[in-house]
Amino acid sequence: MKKLINKPEDVVKEELEGLALAYPDMIKVHFDPNFVYRADAPVKGKVAVISGGGSGHEPMHGGFVGMGMLDAACPGQVFTSPTPDQMLEAAKTVHGGAGILYIVKNYSGDIMNFEMAADMARAEGIRVLSVIIDDDVAVKDSLYTQGRRGVGTTVLAEKIVGAAAEKGYELKRLAALCTKVNLNGRSMGMALTPCTVPMAGKPTFQLAEDEMEIGIGIHGEPGRERMKLKTADEITEMLALSIIDDPPYRRTHRIFDEEKGEWVDVDLESPPFKPGDKVLAFVNSMGGTPLIELPIIYRKLHEICNKKGLKIVRNLIGPYITSLEMQGCSITLLRMDEEMIELWDAPVRTPGLRWKA
Amino acid sequence: MPITVEKVKEFLQRATEVLKENREYLTELDSAIGDADHGINMDRGFQAIMSRFPTFEGKDAGTILKTAGMALVSTVGGAGGPLYGTAFMQAGMALQGKYEFTLEDLVKALEAALKGIMNLGKSKPGEKTMIDAIAPAIEALKKALANGADPVKALEETTRAAEEGMKATIPMIAQKGRASYLGERSIGHQDPGATSSYLLFRTMLEIAQKQGS
């Protein structure tokens with residue numbers, strides 16, 4: 001293992017220390033329990049948006065804390081869900097009196113820890129709703145698995161929902177918007193190389209020089225299928241068509257019903273893409289892929305979207321949801337309506353994403 | 001012979017050592033079908049229990065196990081944190097106020113723990129999880145007690161059932177957690193959660209054997 005680190009057990013702590021020193025005008029960092037929060041928190045009267053997850057996906061989530069995006073982010077150990085005490089303390093710190101929205105990626109650990117945290121926060125009199133992001137089309141069914149993983153759409157949801165919170169959306173309307181973003185986003189990723197969790201010291205899987213792994217998540221876990229390496233155009237086509245041709249996807253989410261005062265199951269369906277759809281195209285590096293390669297992917301993605309009648313109205317290209325030093329990429333397409341486009345364009349000022357502010 | 005609160009403390013101490021010894025092994029099992037952190041996380045969690053050890057002085061078994069559960073929830077993370085944390089907290093609630101307890105009480109505590117895991121994880125036996133080691137272990141313990149086995153013998157059978165349950169996860173297709181994404185590729189790998197659960201039962205037996213000698 002070759003990494004720019006001091007001690008494997010200090011990686012997350014020292015990363016947070018560095019972030020706090022680098023962006024004091026945007027964020028602050030609380031230690032024990034660990035969370036990153038807006039420098040001007042709590043913002044009175046605004047719903048506070050909180051996310052979190054294992055570390056190793058930088059800039060997500062800590063790098064997306066700031067005006068127009070997240071109010072707080074709870075980083076776990078590398079690839080390990082954070083714990084309820086982090087989420088609870090973060091909620092208490094940034095709560096501006098209008099409630100909390102937790103944006104949770106669909107991994108069993110994240111779901112359980114955020115559920116416990118939401119119950120604990122409610123017990124302390126804070127209104128909390130959570131929305132689950134599950135957009136990874138590499139997972140075909142939800143019957144015999146945990147369901148689709150939360151990947152690229154998470155970044156887009158955090159931007160759009162963060163802008164809406166800034167605009168004054170109340171909690172329920174904000175949760176509905178976040179659900180809308182999730183149901184309209186789809187992603188698929190691939191890896192050229194594995195990655196090494198610092199504390200483990202060894203790569204999480206092995207790939208031969210001429211092999212690639214298709215349908216990976218963001219935790220260095222093996223993917224759906226291993227195959228011989230192909231060209232950028234062929235890989236882009238494989239990923240893009242898996243997304244564009246994905247049929248309607250149904251699943252059940254457990255959400256908190258405020259009227260009943262309990263968790264209930266709701267059925268949700270993601271409609272498929274169709275010609276005429278306006279989309280945001282997001283080409284993401286898994287961390288190790290150099291930026292010279294991403295436009296090559298985007299170039300082909302643009303061509304395929306044109307051919308399929310999808311109009312790319314916005315794009316995002318770069319490393320935003322990574323998997324340590326893994327080489328590879330993911331593509332996310334998000335169907336946009338006017339509300340989402342306006343919120344996407346709204347000012348944002350965070351360490352990882354900044355415009356118009 | 002009743003189980004004393006001292007044995008509970010001994011169990012937690014020994015379990016911490018056992019999980020430390022098996023840190024690489026559990027992480028390696030998790031690399032194959034998960035995200036390569038189970039051994040690291042369990043080690044961190046039990047170290048956190050040890051750091052709370054001074055507060056156990058004079059406390060009942062229920063309070064100690066609940067405190068241990070809270071320590072796991074707030075330090076382990078992943079799925080293992082809430083699941084093991086809930087298990088210890090539920091077991092603690094079943095043993096509330098007890099400074100010594102019987103094997104029948106232990107059955108009740110383990111059943112409460114299992115119920116907590118199944119509720120939180122929305123899981124059942126046969127899905128390649130820790131439940132596949134724990135559920136048969138509890139059944140074996142109940143059977144042994146019904147047949148009048150002595151404590152060490154009963155825990156031997158419990159541990160054997162946990163081990164068989166753990167091994168039975170090898171040919172299973174994972175249906176919960178990150179391993180579930182692998183589908184059929186999860187076949188042939190032993191579940192790391194079932195393995196750590198087996199190690200905890202084995203530790204229980206070890207403490208009982210020491211008591212018997």
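Coupling constants for segment B:117-129 follow from the phi torsions by the Karplus curve (6.51 cos²θ - 1.76 cosθ + 1.60, θ = phi - 60°), and in residue order they are 5, 5, 5, 5, x, 6, 10, 9, x, x, 9, 6, 9 Hz; glycine and proline get x. The radius of gyration of the Cα set in the protein assembly as shown, together with its Dmax, comes out at 23.8, 78 angstrom.
Placing a label point 7 Å from the Cα of A:Lys7 along the Cα-to-Cβ direction, the residues of segment A:194-219 whose backbone N falls under 18 Å from that point are A:198-201. Among beta bridges identified by DSSP and lying wholly in chain A, the antiparallel ones come to about 60 percent.
When the listed pairs B:Lys9/B:Lys122; A:Lys159/B:Lys66; A:Lys172/B:Lys176; B:Lys124/B:Lys210; A:Lys140/A:Lys167 are checked against a 32 Å cut-off, the alpha-carbon distance exceeds it for A:Lys159/B:Lys66; B:Lys124/B:Lys210; A:Lys140/A:Lys167.
Segment A:1-78 and segment B:62-99 have Cα centres separated by 28 Å. Here the dipole of segment A:208-305 is about 240 debye; that uses its Cα centre as origin and unit charges on the Cβ of Lys and Arg (positive) and Asp and Glu (negative).
Around the amide H of A:Ile133, modelled in the peptide plane, lie the amide H atoms of A:Val104, A:Lys105, A:Asn106, all under 5 Å away and 5 or more residues distant in sequence or on another chain. The residues of segment B:35-65 occluded by other protein chains by 50 Å² or more of accessible area, set against the chain on its own, are B:Ile40; surface from heavy atoms, 1.4 Å probe. Accessible area per residue (1.4 Å probe, heavy atoms of protein chains only) ranks A:Glu89, A:Glu209 as A:Glu209, A:Glu89, with the largest value leading. Look at the alpha carbon pairs under 8 Å that are at least 6 residues apart: their mean separation over the length of chain A gives a relative contact order of 18 percent. Shown here: segment A:242-334, whose C-alpha atoms stretch 52, 35, 20 Å along the first, second and third principal axes, sorted largest to smallest.
Only the Cβ atoms of Lys and Arg (+1) and of Asp and Glu (-1) were treated as charged; on that basis the dipole of chain A about its Cα centre amounts to roughly 680 debye. Shown are A:Ile321, A:Ile296, whose ranking by accessible area with a 1.4 Å probe and every protein chain present, most to least, is A:Ile296, A:Ile321.
Per residue, segment B:3-212 exposes 38 Å² of accessible surface when a 1.4 Å probe is rolled over the protein heavy atoms with every protein chain present.
Taking amide H as placed 1.01 Å from N in the peptide plane, the amide H of A:Cys195 sits under 5 Å from that of A:Thr204, A:Phe205, each at least 5 places away or on another chain. Remark: segment B:50-130 is approximated by an ellipsoid whose semi-axes, taken from the C-alpha gyration tensor as √(5λ), come to 22, 17, 7 Å, largest first. The accessible surface of the protein assembly as shown, taken with every protein chain in place and a 1.4 Å probe, is 55 percent carbon and sulfur.
Less than 5 angstrom separates the built amide H of A:Ile27 from those of A:Ala39, all sequence-distant by 5 or more or on a different chain. Of all aspartates and glutamates in the structure, the ones whose alpha carbon falls short of 12 Å from that of A:Lys3, not counting any fewer than 8 places away in one chain, are A:Glu325. Using the Karplus relation 6.51 cos²θ - 1.76 cosθ + 1.60 with θ = phi - 60°, the per-residue 3J(HN,Hα) values for segment A:310-321 come to 8, 9, 6, 9, 8, 9, 9, 9, x, x, 10, 9 Hz, with x marking Gly and Pro. Solvent exposure of chain A, expressed per residue, is 37 Å² of accessible area, with all protein chains present and a 1.4 angstrom probe.
Evaluated over the Cα positions of chain B, the convex hull gives a direction-averaged projected area, one quarter of its surface, of 10.3 nm². Summed over both chains, the contact between A and B buries some 2600 Å² of accessible surface at a probe radius of 1.4 Å. Per residue of A:101-108, other chain Cβ atoms within 10 Å of the residue Cβ number 3 on average. Per-residue Karplus couplings for segment A:212-228, computed as 6.51 cos²θ - 1.76 cosθ + 1.60 with θ equal to phi - 60°, are listed in order as 9, 10, 9, x, 7, x, 10, 10, x, 7, x, x, 7, 7, 9, 8, 5 Hz, Gly and Pro entered as x.
Averaging the Cα positions of each part gives two centres, and for segment A:149-201 and segment A:203-274 these lie 13 Å apart.
Among the residues of segment A:121-170, those with an accessible-area drop of 50 Å² or more from chain alone to full protein complex, heavy atoms and 1.4 Å probe, are A:Tyr144, A:Gln146. Among B:Gln211, B:Leu145, B:Leu155, which residue has its Cα furthest toward the positive end of the charge dipole of segment B:3-212, with +1 on Lys/Arg Cβ and -1 on Asp/Glu Cβ? Checked the options; the winner is B:Leu145. The calculated 222 nm mean residue ellipticity attributable to helices in chain B amounts to -23000 deg cm²/dmol, summing -39500 (n - 2.57) over DSSP H runs of n ≥ 4 and dividing by all residues. Given the C-alpha centroids of segment B:132-162 and segment B:1-33, what is the distance between them in whole angstrom? Each part reduced to its Cα centre gives a spacing of 19 Å.
The values are calculated or read from the model by the stated rules, or taken from the named source; none is laboratory data. Computed from a predicted structure; not experimentally measured. For neighbour counting, all protein chains shown are included, and Cβ atoms are generated from backbone atoms with ideal geometry for every residue, glycine included. Note: accessible area is taken over every heavy atom of the protein model, side chains too, but ligands, DNA and RNA are not part of it. Shrake-Rupley method; radii C 1.70, N 1.55, O 1.52, S 1.80 Å.
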